[in-house]
């Protein structure tokens, strides 16, 4: 039977939810371990340099994403995305559960390095499969659903991790068993997409002969800049609220929870929008700019809350918009490699942002002044995106991540 005669399989909710669960798994190390860092610090207090080594239990997997995502993406294109995703989920499950039996801090760090390898594989192959299975309209629908669901999933995992942490320092690692559930779901519900069927499934498929390096360089540059803004909000929100007078950790937790309104709103918006990428980037940077400027200039934490919600509209729009841009910009044969480059650029922001914000805080005279500086930079990027959107519209060649008629 020729490749052209292979029937086109249609993906639905089961495949989408299996993939969405899988690509959320790499954020679990942060959700599981951040609430339990004090307990880990106490457990390994006798280890020389534990104050530096224990936080690395969280950061080592992120380093794997930065360094190995391009390699994992290339492998996904070569050996098959489903096959690699199953391997990544299996590796994640094994390595992430090893701390239940390990006693040495260095051994746990080695296991977390394995988790980082698995994370790179899962993120690149899982997101690539989402592009393989769904047309642009379906991608928009399910990426929007991701932004809607993630705050609730994150809250549930964080709460469960905190409760398990009261039992022992090992207990939170039990949550990583969800990797086995995801593996089983992917195994039963998915298939390896056939290259011959992509043109029939996706009218945007152009069968490019060479990898579009110039296009990916542009996407990677925008991704790195956007990632910095994303992590400026995600990693420093507690410090900003504290500087605005929220001195209780309980109060800060409630405020952060309320900010998820913005993320959920972004998910609902993204599911129904038909704007081009440049126009949506303008909206994203505008949300960051108004949110950061408003928080930096607010007189107190209650006055800053509406701006924090607006800021998190930008946070919620970031990942689906950028992933959608990559998926709609690269042919099937190169989708894994492109997704790997994107992931590496995006998670670079997680490492670059904290030291830069620290330097800005010292130079500007406080965290509130620092976020105002970042807000001004975001406003500049919003204006550049607006100019690009208008230019594309005048030329009749808008850069569209999700056309209205896929």
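Just so it is clear, none of the values below were taken in a lab; they were calculated from the coordinates. Quick caveat: nothing in here was measured; it's all calculated off a predicted structure. Neighbour counts are summed over all protein chains in view; Cβ atoms, including those assigned to glycine, are modelled from backbone coordinates with ideal geometry.
When 381, 343 are ordered from fewest to most other Cβ atoms inside 10 Å of their Cβ, what list results?
On the way: 381 20, 343 26.
In order of increasing Cβ crowding within 10 Å: 381, 343.
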- Query: Given a cut-off of 22 Å, what percent of all Cα-Cα pairs of region 20-98 lie beyond it?
  - Reply: 35
- Message: Can you sort 259, 378, 353 from fewest to most other Cβ atoms within 10 Å of each residue's own Cβ?
- Response: 353, 259, 378
- Task: Take the alpha-carbon centre of region 30-74, take the same for region 292-363, and report the distance between them in whole Å.
- Result: 21
- Which value in deg cm²/dmol, rounded to the nearest 500, describes the helix-derived mean residue ellipticity at 222 nm for the chain, given -39,500 (n - 2.57) per DSSP H run of n ≥ 4 and division by the residue count? -25500 deg cm²/dmol
- Message: Tell me the relative contact order for the chain as a rounded percent, counting alpha carbon contacts under 8 Å between residues six or more apart.
- Response: 25
- Compare 194, 234, 46 in a GNM of the chain, Cα atoms joined below 10 Å, and give the one with the largest fluctuation. 46
- Message: Under the rule a/c < 1.5 gives rounded, and otherwise a/b versus b/c splits prolate from oblate, where does region 14-199 land using the Cα gyration tensor?
- Response: prolate
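Take 337, 81, 9 and order them by how many other Cβ atoms sit within 10 Å, fewest up front.
If I rank by nearby Cβ atoms, fewest first, I get 9, 337, 81.
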- Per the Kirkwood treatment, what hydrodynamic radius in Å, one decimal, follows for region 213-395 from the mean inverse distance over all distinct Cα pairs? 16.8
- Message: Test of understanding: in a Gaussian network model of the chain with alpha carbons linked when under 10 Å, which of 231, 52, 334 would top the mean-square fluctuation ranking?
- Response: 52
- Query: Can you tell which of 94, 23, 323 shows the greatest fluctuation in a Gaussian network model of the chain with Cα springs below 10 Å?
  - Reply: 94
